[in-house]
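Asker: Next up is a structure, given as structure tokens.
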Amino acid sequence: MTVTTRPPTAAEQATPGPPSRRPRRRRRSALGSRAAYAYVAPFFVLFAAFSLYPFIYTAWVSLHEVNLSNPDQMKWTGFGNYTKLLHNEFFWNALKNTITIGIISTVPQLCMALGLAHLLNYKLRGRMFFRVAMLMPFATSIVASTLIFAQLFGRDYGLLNWVLQEVGLHRIDWTSGHWTSQIAISAIVTWRWTGFNTLIYLAGMQSIPTDLYEAATIDGASRWQQFRHVTIPGLRATIMFTIVISTIGATQLFGEPLLFAGDGKTTGGASHQFQTLGLLMYQQGWTNFHLGQAAATAWMIFLVIIIVVLINAGLARGRTRGET
């Protein structure tokens with residue numbers, strides 16, 4: 001049986017087919033992209049109003065001599081506020097205190113957080129309770145935690161001095177000493193942020209493939225060797241993140257040393273032994289009424305944060321290149 005086909009006639013060729021849906025789809029995609037911009041617009045508006053504008057305005061104020069009693073009158077000084085700040089002995093003292101408090105609070109804090117996260121990563125009984133308990137210090141307000149620790153480190157009736165007397169040692173005036181006051185403030189910071197960093201490390205550990213641990217077990221690696229050669233390399237980016245966040249927090253330290261003094265002053269002790277850059281900035285702007293110098297101090301804090309972050313990034317890249 002033979003089937004013959006004929007070519008289409010001119011009328012059939014002229015008959016239009018079904019309308020194309022591509023222009024309609026393009027219109028829908030264009031409307032969808034516009035709607036997406038409308039959804040994210042509130043964030044950019046709030047960011048510009050409460051972050052970008054204060055950031056730029058602070059830089060502008062730092063180039064002027066401004067008094068808090070009359071902030072509308074500004075006198076151009078250029079980099080005069082920065083020059084005064086660099087020749088101010090209290091600035092260098094506050095910078096040194098900020099660095100030392102940051103080191104003795106960040107290093108033990110991250111080490112303990114890494115160890116606790118390693119323990120919680122195992123199948124322990126009641127580990128959900130311990131995970132929730134880790135966040136309790138972080139959820140506690142700075143005022144409450146600092147006041148409690150101030151009582152613990154009290155000179156006359158503090159619990160720590162009572163323990164020292166019971167074991168035959170002398171009492172310590174934690175507030176008046178240089179290193180003792182900084183150790184006490186670092187203990188407050190460590191207590192508040194260890195649990196938070198523990199959960200961050202725990203989340204990073206759970207993202208490491210279990211195949212790596214199984215292969216290490218087959219090769220005869222102990223748990224300590226697995227922790228060194230599997231867990232630590234897998235948490236390199238997470239550790240870098242916590243170092244940066246802890247550095248930023250230590251540079252902006254304000255509430256703990258202010259409340260630990262107990263007198264509401266921003267001098268950081270009688271000898272400025274625990275005055276941080278945050279306390280110095282507040283003292284310059286809201287105690288001495290020098291808003292220009294306070295703004296310059298804020299920008300110096302920002303520069304210190306950038307320098308520390310760049311140093312950490314350089315060290316991390318150096319380790320990565322060395323291992324490869």
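The values are calculated or read from the model by the stated rules, or taken from the named source; none is laboratory data. What you see is a predicted model; the values in this text were computed from it and never measured. No Cβ is skipped: glycine too gets one built from the backbone with ideal geometry, and neighbour counts run over all protein chains shown.
Asker: Looking at segment 268-278, is at least one residue on the phi < 0 side of the Ramachandran plot, at pLDDT 90 or above, part of a helix (DSSP H, G or I) and of a type outside the set (Ser, Thr, Tyr)?
Answerer: yes
Asker: Could you run through segment 119-178 and say how many residues are surrounded by 15 or more Cβ atoms within 10 Å (Cβ to Cβ) and within 30 Å of Thr210 (Cβ to Cβ)?
Answerer: Matching residues across segment 119-178 total 6.
Asker: Any residue in segment 155-165 that is touching an Asp or Glu at 6+ places or on another chain (Cβ under 7 Å) and part of a helix (DSSP H, G or I)?
Answerer: No: zero hits.
Asker: Could you figure out which of (1) under 26 Å from Cys111 (Cβ atoms); (2) of a type in the set (A, V, I, L, M, F, W, C); (3) assigned to a loop (DSSP other than H, G, I, E, B) isn't true of Ile188?
Answerer: It is condition (3) that Ile188 fails.
Asker: Another one. On the basis of being part of a loop (DSSP other than H, G, I, E, B), surrounded by 15 or more Cβ atoms within 10 Å (Cβ to Cβ) and among the hydrophobic types (A, V, I, L, M, F, W, C), does Ala298 make the cut?
Answerer: Details: part of a loop (DSSP other than H, G, I, E, B): no; surrounded by 15 or more Cβ atoms within 10 Å (Cβ to Cβ): yes; among the hydrophobic types (A, V, I, L, M, F, W, C): yes.
Considered against the rule, which asks whether it is part of a loop (DSSP other than H, G, I, E, B), surrounded by 15 or more Cβ atoms within 10 Å (Cβ to Cβ) and among the hydrophobic types (A, V, I, L, M, F, W, C), Ala298 comes out as no.
Asker: So, in segment 62-119, of the ones that are outside any helix (DSSP H, G or I) and acidic (Asp, Glu), which residue ends up nearest to the chain's Cα centre (by Cα)?
Answerer: Here the residue is Glu65.
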